[in-house]
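Working notes, structure below.
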């Protein structure tokens, strides 16, 4: 076991990790941050996406020891300082971009990277960027709409929540 | 996965030293290695991370060459190679998904030589040189069939040198599930002729399609490929496509790459 | 417009906030003090005789607490099957034993052989590799028809063959059906495969067993769609624990789609092991494990024939289906190809004679059970493909052939020849709506434009019906169900007027916490924020059957309405007392009780306070308190229906199919929350499109699972699917439940596969490939290309 220290959502946090401990397990089991989910073991589903030093990564395919000292942002660190949903999270609720909620943390983390790189994406760009995040519930329609809306683009042609 | 010791050296020398230990393996982006370790298909005693070595990172132009550090992630190649070698940048931008591109590296991809990986097609079609801690290896000699390369035990790739072509393009037809290349064609035109490398299709891994190269060397246009068909012999057959289908796609993707070359 | 929060409003989901901030509480997020970890050692061969299992080396390894094998389960029951099918000769189906851990033989790749319990999961897995297994390979049966040959290896040695049952429906009609075919003017026949699928909810299954030895209480936390069903099956049939000593909790559950209905061996194991070890035992499935241990779906091979008279009226349908059960009977497996499939073979049409034959077969594969739609997608696919093929053979418009044979709006209620009575519907209306929204009239011009770009464009239509709101208990009891299919609700009004609801339905993405609150709030006239929905815990919810078969609102919602009405009736009595008026004169509106024709009133909270602080209360005639429970057993199924239109472009160079547009015009009856209904349709469409173009579970001839991960099992991604056009404005309310609702969860997955395949065939036919009359799903690029180039 080796001590690993990360800055997670702005706070320094430490825990023990074996060589084989994945960042996803470290966050969930060692640090108790269970918002990061694990939906597959072949690095495909994207439920585990977090940001490491500002970049979206699949935390189930990163060793905890390999990111010692890094700045990590998880879904638990995405809300506004007062605890309210941030613009992207709010758009997911407003446009019903989630159902069971399991893929949602990874989806929000990936979409937030997209908007950081490309503040006004086209619908096709959103769909392409999210190819590494699988959702089985929503059929993606409302996820795409939520991301477009969060980017400040008009999505008024379809029903939104009241 | 089985447990192992993890080390993260800061220099190539330290990495090479660490890799001389018993059952030590290098870890680059880990996008292929870690999933295979989760399935317990791989059991290193020590994993030597190469991602902490700054000397292995970056894209730089050196005359007619584009030199890419082995530990450079795909996303960085997609961004930093765009001006000098746009076809290579575009290929890098199609690997995996954004998260995979942030971690996966060119050196890791080439060293793994997955028969469906994208980078081997670019390296072979460009006549690239794979630079290791010990020597320089021509792409021609480097790829030795599915998952096999010329690398010795403990030898690590440090950079890859790509001669910049007059024009080039990569056309990829994605396997519907994994989104690796079911068949991908990289076409590059140089002053001394055209080169075509095909990935995803053959049981022997990436290969050059010499008939197409001959045709394109005299006339670099999609029409020059009319009547040319790749043989289905030794093409991969699986639930995503028969050997005949892959052989057909070799032609289609090569034509599309020629049409898109810039 | 209803007020926000009431019936008909697209109220935002209250559950979203916890999910969007990482604060959901899924089963894998539960870690109990002293918890040990279970790793299941699973068979790597499809069929084998277990000679010896030597655990001695493994037991000595670090962290190992105990290793369980079948011998530890002597005296423990097997995993039960919940539905008995009677075959066409009146005989019960062959029902093999399904042990918790394999006894004597392994029967599919993934069959659990032993379980290692250790301090950590890695230790358990490390030790599992040290278990010395001697398994003698036996020849495997994978193909259903081969499994029925006389010399086929038997999956279960104690059974007479691999045939589970040979079912005929309606057996008495068979001769008449055969006669109708003999005298038909035209017969269209089609052989097709409804391929095996894997449900793949994004949350893998998890079970955490806990035991309190001081009170002899067991608790199971599990990823289930129906915790009460699990408690009943596991308690009564497997472990022999009475309900009052067994609590089952299904907290936030990350999708189900059917795969989390069933009672699984891992649930019984963790509950059992926790009792043995007197400490919590947790099992978390990896995705790779899920591929070989979650029940699979579909897997039918069918020949369907449609007989028509000289005027193109449908006169008879005859089908023969082979349905794969896998190696054991999963909880509801036998019902899927029979009652959930055969009864839907009339579709939307007036076909007078129908005969359905189904042979259910055991093979050395993972058990197959209900997956979104369960039997109804299989029926719809056959019917809508054969009708399309008939239209093509006869040279008539597929829209017109359907319309000509539709049950017309004035013909309801309509009794079909396959035992069900549709209460209501208007199929021409949904067809009209779909054609309008998809601009069907402009298709020819779009096809022409595609042709200029070298692409082949096609338009495919499907009109579906499904039977939801499962189900009238007395009827399903006659059909072999070993359970009732009612639903329950408790409405507990609190003293200050807020309301706690306890429902037997279970939400794993459907949004009940929001919609059920809308229903109650609307009925009473209070803000939905005053109503809290509790579900998923057998300790506080009344016995209910859970969520599947698009039944939550139609059955669970009806129970909720019934219980709420009981509450309102009692509250009116209290109000009458407080207002010194006759109960008959009390009216409830906007959360206020008024004496009709006067301005005398008391608000909701005034009444609820009086119920719990009964100082001024008719104690001589009424108990204090305001809490009611209701059970609702439906009198019929509900019958949602709809018209789906799919427009595709095929790339003739690669065979790749792109969905350009998809239009769904559904009749779901009344709708409580349009936003959620549309979301349900979107999700169903993606799964149906996934089946049509991408997904396929593949075994090789030896029974090895070839598509064992997302590297080979193609899940629909965001860029595989289009923006959908969905509409639910055609409303014929259900006539027999209080909300007039029908259910919307499965529709998309039922109606879309034939629409997609019909569109692909249309594109190829228009593109000159007239020899292509069918492509089996998934219509992958390689299959489409091969079909186009077949000589």
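Between the helical axis of A:104-117 and the longest alpha-carbon principal axis of chain A there is an angle of about 80 degrees.
What's the long-distance tail for the protein assembly as shown, i.e. % of Cα pairs beyond 49 Å?
Numbers: 220000 of 737505 pairs.
More than 49 Å apart: 30 percent of the Cα pairs in the protein assembly as shown.
When C:339, B:209 are sorted by how many other C-beta atoms sit within 10 angstrom of their C-beta, beginning with the fewest, the order is B:209, C:339.
The ratio of the alpha-carbon radius of gyration of segment B:57-163 to the globular-protein estimate 2.2 N^0.38 Å is 0.95. Remark: spin-label model distance residue A:16-residue C:590 equals 6.4 nm, labels positioned 7 Å along the Cα→Cβ axis.
Taking the C-alpha atoms only, the angle from helix A:141-150 to the longest principal axis of chain A is near 90 degrees.
Measuring nothing but alpha carbons in segment C:279-329 and taking Rh as the Kirkwood radius, the Rg to Rh ratio lands at 1.37. If every alpha-carbon in segment C:486-632 counts as one equal scatterer, what log10 I(q)/I(0) does Debye give at q = 0.11, 0.18, 0.19 1/Å? The Debye formula, applied to the Cα set alone, gives -0.41, -0.96, -1.04.
Our compactness index for segment A:87-150, the C-alpha radius of gyration over the empirical 2.2 N^0.38 Å, is 0.95.
Taking only the Cα atoms of chain C, the ratio Rg/Rh comes out at 0.99, with Rh defined as the Kirkwood radius.
For segment B:1-128, give the share of DSSP beta bridges that are antiparallel, in percent and rounded to the nearest 5; count only bridges with both residues there. The partial results should precede the final answer.
Values: 5 of 12 bridges.
About 40 percent, rounded to the nearest 5.
Sort C:304, B:137 so the one with the fewest other Cβ atoms within 10 Å of its own Cβ comes first.
Values: C:304 24, B:137 19.
Placing the least packed residue first, the sequence is B:137, C:304.
Here segment C:175-249 and segment C:70-88 have alpha carbon centers that stand 13 Å from each other. For segment B:1-55 versus segment A:23-71, the inter-centroid distance based on Cα atoms is 18 Å.
Taking the mean number of other Cβ atoms within 10 Å as a proxy for protection, how do you rank C:436-449, B:144-157 from highest to lowest?
Numbers: C:436-449: 14.3, B:144-157: 16.3.
Descending mean neighbour count gives B:144-157, C:436-449.
For chain A, a Gaussian network of Cα nodes joined below 10 Å ranks A:151, A:12, A:24 by mean-square fluctuation, and the top entry is A:12.
Can you pull a Stokes-Einstein diffusion coefficient for segment B:26-113 at 10 °C (1.306 mPa s), Rh from Kirkwood over Cα pairs, as a whole number of µm²/s? It would help to have the intermediate numbers written out before the result.
Numbers: Rh = 13.5 Å.
Here the translational diffusion coefficient equals 118 µm²/s.
Relative to the compact-globule scaling 2.2 N^0.38 Å, provide the ratio for the alpha-carbon radius of gyration of segment C:642-791. Mind dumping the intermediate values first?
On the way: Rg = 17.5 Å, N = 150, 2.2 N^0.38 = 14.8 Å.
Cα Rg divided by the expected 2.2 N^0.38 Å: 1.19.
Rounded, prolate or oblate: which fits segment B:117-257 when a ≥ b ≥ c are the square roots of the eigenvalues of the alpha-carbon gyration tensor, with rounded for a/c under 1.5 and prolate only if a/b beats b/c? Oblate shape, in that a/c is at least 1.5 and b/c is the bigger or equal ratio. Report the Stokes-Einstein translational diffusion coefficient (µm² s⁻¹, integer) for chain B, Rh taken as the Kirkwood radius over Cα pairs, at 37 °C with viscosity 0.692 mPa s. It diffuses with D of about 178 µm²/s by this estimate.
Axis of helix B:243-260 versus longest Cα principal axis of chain B: the two differ by about 80°, to the nearest ten degrees.
Taking other C-beta atoms within 10 angstrom as a stand-in for reagent exposure, C:522, C:537, C:111 fall in the order C:537, C:522, C:111, fewest first.
The P(r) of segment A:2-77 has a tail past 21 Å containing 12 percent of all C-alpha pairs. Enter the Cα centre distance for the pair segment C:617-634 and segment C:746-791, rounded to the nearest angstrom. Value for the Cα centre distance between the two parts: 58 Å.
Quick one: plug the Kirkwood hydrodynamic radius of segment B:4-44 (C-alpha pairs) into Stokes-Einstein at 4 °C, 1.567 mPa s, and report D in µm²/s. Let's see the in-between values first.
On the way: Rh = 11.0 Å.
Using the Kirkwood radius from Cα pairs, D works out to 117 µm²/s.
Using alpha carbons only, the radius of gyration of segment C:113-218 set against its Kirkwood radius gives Rg/Rh = 1.17.
Quick note: the coordinates plus some simple rules give every number you see, no bench work behind them. Quantities reported herein were computed from a predicted structural model and do not represent experimental measurements. Because the Cβ atoms are built from the backbone with ideal geometry, glycine has one as well, and the counts that use them run over all protein chains shown.
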